[in-house]
């Protein structure tokens, strides 16, 4: 049984120009702050103005980069990436950044997102005789940069952006600088800030920039290219933002750290409001509210504030179980979520419990979590979810799996409630979710409604390229 039933993390990216700093070490600590976005692989590429050096591997950031490796990555420009696979399986050859030599010099690229036309773009490259060594759409983007027309890197990047359809926030490294760009729909987050000792950094989340001491932080706008180099910071609107913006609402629900600011909104504040909206919609009689840590903690606080029902901790989370490459024994594997959580018995014994969680995807761990509470003596367990039922796949960089595996795609709320063994089950409405966000438009709701800002065709899995390469 999987230890968790969640939409899998996306990816985290960072780019730095710091002329008087150990830029690889800065990138390392920036990636540390983004580790929650991907725990399968990580990489750092560094340029000293002449040569680009790269180190990447599967594993966690602190497993991949030793002091000796970081000392060999010297320069003043760097990009980094921590990965959960969306297109391409979790193998070493799919780790990012991708680095190639081109007629314009070395180019390294890392990105967060997913191109919905990557299959066609890949086929076009193969027909032109371009060799590909991985099953990642990031390699497709890198190879397109190598053959793009234009007098400057910015012009070539703009040319490629016209062909890329889908979600991407990317970081590009050349000998001369770092380039950060975002798709015109604005799906994936990307922000930039001023480093305290000069230079700039761009990253997926504001928390990573705060870790590096950045100030004057702002979002990179949809369709914008920002150049970090020895010259002044250059900002260019390469593509006009799409009229229908499609920021990922799941950044608020689950992905982002609570200290992140997304679309000028505090993630922690929005999560509290999600809980308040849930309390208004559900109106359950109970004795205690407990969250499934960690992303549901602010929502549980909000639910408690709105309902007047006391909040308390119900679970102790083992934060390292999901980050080990050692498989549990058969007897431990049968314990499933008990490896991930322990219950604080005295906080639930004999009580009517409202359990707040961020989502139910496949439905294979919510039931065992409820069972843990009942075994600890909970009299009733009512489940409240801070988003609507997830009925449809995501094609923009979040691995929720195929639709047939999503429990809400083929079961009603009442059927799901019976399946997981809850006394009641309440999902936040779409309207309530967007009230908490503070905007009714500008966000992708495809996984809830099946309506996407971009036309998608469900003809390939995330490992669709693996058929020819193994």
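The values are calculated or read from the model by the stated rules, or taken from the named source; none is laboratory data. Just so it is clear, the structure is predicted and the values come from calculations on it, not from any experiment. Methodologically, a virtual Cβ is constructed for each residue, glycine included, from the backbone with ideal geometry; neighbour enumeration extends over all protein chains shown.
One line per residue, one yes/no per condition, for (1) closer than 16 Å to residue 451 by Cα; (2) modelled with pLDDT of 95 or more; (3) surrounded by fewer than 16 Cβ atoms within 10 Å (Cβ to Cβ):
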position: 385; (1), (2), (3): no, yes, no
position: 388; (1), (2), (3): yes, yes, no
position: 393; (1), (2), (3): yes, no, no
position: 396; (1), (2), (3): yes, no, no
position: 418; (1), (2), (3): no, yes, yes
position: 422; (1), (2), (3): no, yes, no
position: 428; (1), (2), (3): no, yes, no
position: 433; (1), (2), (3): no, yes, no
position: 438; (1), (2), (3): no, yes, yes
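Hey, any hits in region 22-35 for a residue that's over 16 Å from residue 109 (Cβ atoms), more than 25 Å from the chain's Cα centre (by Cα) and either surrounded by fewer than 23 Cβ atoms within 10 Å (Cβ to Cβ) or touching a residue at least 24 places away in the same chain (Cβ under 8 Å) (or both)?
yes
Can you run down the residue pairs with Cβ atoms below 7 Å, 6 or more apart or on separate chains, where the first is in region 299-315 and in the same structural domain as residue 351 (by TED's automatic domain parsing) and the partner is in a loop (DSSP other than H, G, I, E, B) and at pLDDT 95 or above?
Qualifying pairs under 7 Å: 299/386; 304/310; 309/286; 313/344; 314/344; 314/348; 315/292.
Let's see how each residue does on (1) outside the structural domain of residue 222 (by TED's automatic domain parsing); (2) in a loop (DSSP other than H, G, I, E, B); (3) out of contact with any helix residue (DSSP H, G or I) (no Cβ under 7 Å at 6 or more places or on another chain):
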residue	(1), (2), (3)
120	no, no, yes
126	no, no, yes
134	no, yes, no
139	no, no, yes
143	no, no, no
169	no, no, yes
179	no, no, no
187	no, yes, yes
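Quick check on my filter: what residues within region 335-356 are in a loop (DSSP other than H, G, I, E, B) and free of Cβ contacts under 8 Å to residues at least 24 places away in the same chain? Write out each step before concluding.
First pass over region 335-356, keeping only residues in a loop (DSSP other than H, G, I, E, B): 335, 340, 344, 348-351.
Within region 335-356, 335 is the sole residue that qualifies.
Could you check residue 108 against (1) in a strand (DSSP E or B); (2) surrounded by 18 or more Cβ atoms within 10 Å (Cβ to Cβ); (3) without any contact (Cβ under 8 Å) to a residue 40 or more places away in the chain and say which number it fails?
(3)
Working only within region 440-470, note down all residues that are surrounded by 14 or more Cβ atoms within 10 Å (Cβ to Cβ) and at pLDDT 75 or above.
Residues satisfying the conditions are 442, 443, 444, 445, 446, 447, 448, 452, 453, 454, 456.
All but one of (1) surrounded by fewer than 21 Cβ atoms within 10 Å (Cβ to Cβ); (2) over 19 Å from residue 227 (Cα atoms) hold for residue 138, so report the exception by its number.
(1)
Restricting region 232-277 to residues that are in contact (Cβ under 8 Å) with a residue 12 or more places away in the chain and over 24 Å from the mean Cα position of the chain (by Cα), which is nearest to residue 184 (Cα to Cα)?
240
Could you tell me how many of the residues in region 279-293 are farther than 9 Å from residue 354 by Cα and either surrounded by 24 or more Cβ atoms within 10 Å (Cβ to Cβ) or in contact with a helix residue (DSSP H, G or I) (Cβ under 9 Å, 6 or more places away or on another chain) (or both)?
Of the residues in that region, 6 qualify.
Could you list all residues from region 189-227 that are assigned to a loop (DSSP other than H, G, I, E, B) and at negative phi?
Initially, region 189-227 is screened for residues assigned to a loop (DSSP other than H, G, I, E, B), giving 189-190, 195-199, 204-205, 212-214, 220-223.
If the condition is that a residue be assigned to a loop (DSSP other than H, G, I, E, B) and at negative phi, then 189, 190, 195, 196, 197, 204, 205, 212, 214, 220, 221, 222 are the ones that fit.
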